[in-house]
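Colleague: What follows is a single structure, and I will ask about it in a moment.
Laboratory data are not the source of any read-out in this text; all were calculated from the coordinates shown. Computed from a predicted model, the values in this text were never measured in an experiment. Neighbour counts run over all protein chains shown; Cβ positions are idealised from the backbone, glycine included.
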Amino acid sequence: MSNAGQRYSVAAQHAIPAMLEKFIYEHSIVTRSPGRINLIGEHTDYNNGFVLPAAIDKAAWIALTPRTDNEINLTSIDLDETCHTTTTRLIPSQKHAWYDYILGVVDQFQKNGIAVSGFDAALTADIPIGAGLSSSAAIECAVAFALNEWLQCGLGKIELVKIAQKAENDYVGLQCGIMDMFASVFGTADHVIKLDCRTLEYKYEPFKLDGYKIVLFDTNVKHTLASSQYNVRRQQCEMGVALIQQHIPFVHSLRDVTKSMLQQYVQRFDEEVYRRCLYVVEETERLQQACLDLENNDIKAFGAKMFETHEGLSTMYEVSCAELDFLVDFVKDNDAVPGARMMGGGFGGCTINIIASEAIETLTAQLKPAYEAAMRKELKIYIAQIGAGTGIIK
C-alpha cells in the first residue's frame, strides 16, 4: 500500500486527539502509530524466529511542524514535559526518556545521509506506558513516517521499520528485535501477522474472535526493558548459538537449532543457557502449530499453546514475575478463558487473555480484588481491538 493509501485508510478511522490540535499549524504533519499485541511467539524475533503480532486500537500521535533553523523543540502533552536541542546535538539521555525515542529516529535519518532541519513536535498517546504494548515502537514509527513525509524521502515501509528499530538499538540502547515496529507499521484490522523475522516475509492470518475478546490485565509493574535482563537473555541465546557453531558452522541463530543440538553441545556446558535456548526453539515450533489452529478455527487449541508459552517464559526463560504468574494462574482453569500468558519483554507489563465475551464482567469482578489483595497493586484492565497500522493523518 502506498503512503497515500495508508493516509486515507487511517484518517477515515481515527480522529486527531483534541489535546493535540493546538500544536497543529498549516504546515504541520500529523501521524498516528499504534501499539501492538503479540498472540504467540515471544522472545523469538531477535532469534530470527517467527512472531504473530497485531496492531491495536491504542496509539501514539505526533504533530510535527518544520522550522527554518536547526532547533528541535519537543513536547510530551501527557507528561507535561519539554525537550530542547538542535539537529547537531543529538545526545542520548542514558535514562530512556520519552524524547530519546524521537531523537533516535532523527539520528538514524542523519546517519542514512538525509539532511534534517529543525522542527517542533508534540506527542500524545493512549498506549499504557510500561504495559508491554510497545509504546516506544509506536513513537519511533510515528516520527519516522512524519520525517519521511516532510522530507519527501520516498522511503518504503520496510525501510522505515528498520530505521525505527535501529533508533531503539543504537540510540536508546535496547537490543530489541524488529517485531514491535513491524507490527505497528503493517497492522491491519481483524488480522494477525505471521512474520518471519529472518526474511521479513509475512502473511496476514484472519483473526476474528466470534464470541471472544482480547483482554489485557496490566500488573501495574512498570518494566524498563533496557535496565532489565532483556539484553542478558539475548546474550545467552547468542552464547548457545556460538557453542553449537563450534561443531555445526551453518548454524547462525536459534532458528537453525534443534533440540538435539542443544542437548549435545549446550546442556553439558551451561544448563542455564540451555534452558533459555530450549524455550526459544520450542516456542518457534509452537507458533507454527498455533497458526494451524487458527486456520482450523480451533481457538481452544490455540489458547492452550498460549498457556504453554507462559509456562516456558516463567520457568525456562525466567522473564515473568509474581504478578504475571498470579494473573495467569487465576484464569488457567476457567473454561471461559481458552488462553492467557504474559506478553512482551517481561518483568511486568500485561498478560494477554482470550476471554468469552459474556464472562468478562464476572471474571474481572473476581480477579481485580483478588489481585489487589495478593499483590498490593491496582489491576488495570483493557479490552484491545485489532486495528490499522501507522499512517499519515494530516
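Colleague: So, R0 is 35 Å and r is the distance between the beta-carbons of D126 and R89; what FRET efficiency does that work out to, to 0.05? Could the numbers behind the result be given before it?
Modeller: Numbers: r = 31 Å, r/R0 = 0.89.
Here the calculated transfer efficiency is 0.65.
Colleague: How far apart, in nm, are the 7 Å Cα→Cβ label points at Q263 and E71?
Modeller: Roughly 6.7 nm, to one decimal.
Colleague: Cα centroids of region 313-364 and region 91-120: how far apart, whole angstrom?
Modeller: 36 Å
Colleague: Then there is this: Run the numbers for S117 and Q235: contour at 0.36 nm per residue of separation, minus the present Cα-Cα distance, in nm.
Modeller: Here the segment from S117 to Q235 would lengthen by 38.7 nm.
Colleague: Counting Lys and Arg as +1 and Asp and Glu as -1, what is the net charge of the other residues whose Cβ lies under 12 Å from the Cβ of A359? Could the numbers behind the result be given before it?
Modeller: On the way: positive: K213; negative: D335, E358, E361.
Neighbourhood net charge equals -2.
Colleague: Along the positive direction of the dipole of the chain (beta-carbon charges: Lys, Arg +1; Asp, Glu -1; about the Cα centre), which of F330, T87, Q235 reaches farthest?
Modeller: My answer, from the dipole projection, is T87.
Colleague: Starting from the amide H of F347, placed 1.01 Å from N in the peptide plane, find each other amide H under 5 Å away whose residue is 5 or more places distant or on another chain.
Modeller: For F347, the qualifying residues are S320, C321.
Colleague: Explain nothing, just the number: relative contact order of the chain, from Cα pairs under 8 Å at least 6 residues apart, as a whole percent.
Modeller: Dividing the mean separation by the residue count of the chain yields 25 percent.
Colleague: Calculate for the chain the 222 nm mean residue ellipticity that helices alone would give, adding -39,500 (n - 2.57) per DSSP H run of length 4 or more and normalising by residue count, nearest 500 deg cm²/dmol.
Modeller: Calculated from helices alone, the mean residue ellipticity at 222 nm is -12000 deg cm²/dmol.
Colleague: Now a separate question. At q = 0.14, 0.18, 0.21 Å⁻¹, work out log10 I(q)/I(0) for region 270-394 with the Debye formula, treating every Cα as an identical point scatterer and leaving solvent out; two decimals please.
Modeller: The calculated log intensity ratios at q = 0.14, 0.18, 0.21 Å⁻¹ are -0.70, -1.05, -1.27.
Colleague: Can you bin every Cα-Cα distance in the chain into 10 Å intervals starting at zero and give me the percent of pairs per bin, rounded to whole numbers?
Modeller: In whole percents, the pair-distance histogram is 5, 23, 32, 25, 12, 3, 0.
Colleague: Toward the positive end of the charge dipole of the chain, about the Cα centre and with charges on Cβ (Lys, Arg +1; Asp, Glu -1), which of G349, M181, N148 goes farthest?
Modeller: My answer, from the dipole projection, is N148.
Colleague: Give me the extension gain from K368 to I16: residue separation times 0.36 nm, minus the current Cα-Cα distance, reported in nm with one decimal. Numbers along the way, then the final one.
Modeller: Working: separation 352, 0.36 × 352 = 126.72 nm, distance 3.25 nm.
Computed gain between K368 and I16 is 123.5 nm.
Colleague: Among 84-97, 155-168, 351-364, 58-71, what's the highest-first ranking by average C-beta atoms within 10 angstrom per residue? Write down the numbers at each step before the final one.
Modeller: Values: 84-97: 13.4, 155-168: 22.1, 351-364: 18.4, 58-71: 19.9.
Averaged packing, sorted descending, gives the order 155-168, 58-71, 351-364, 84-97.
Colleague: Could you derive backbone 3J(HN,Hα) for region 185-195 from the dihedral phi with the Karplus parameters 6.51, -1.76 and 1.60 (θ = phi - 60°), listing whole Hz in sequence and x where the residue is Gly or Pro?
Modeller: Working through the residues one at a time gives 7, 9, x, 8, 4, 6, 9, 9, 10, 8, 10 Hz.
Colleague: Let me ask something else. Using only Cα atoms, find the angle between the long axis of helix 157-166 and the longest principal axis of the chain, and express it within 0 to 90 degrees, rounded to the nearest 10.
Modeller: 80 degrees
Colleague: In units of 2.2 N^0.38 Å, what is the alpha-carbon radius of gyration of region 152-282?
Modeller: Normalised Cα radius of gyration, region 152-282: 1.28.
Colleague: Now a separate question. Return, for the Cα atoms of region 86-197, the radius of gyration and Dmax in Å, separated by a comma.
Modeller: 13.6, 43
Colleague: In whole Å, what three semi-axes, largest first, describe the equivalent ellipsoid of region 139-224 built from its Cα gyration tensor (square root of 5 times each eigenvalue)?
Modeller: They are 25, 19, 13 Å, listed largest first.
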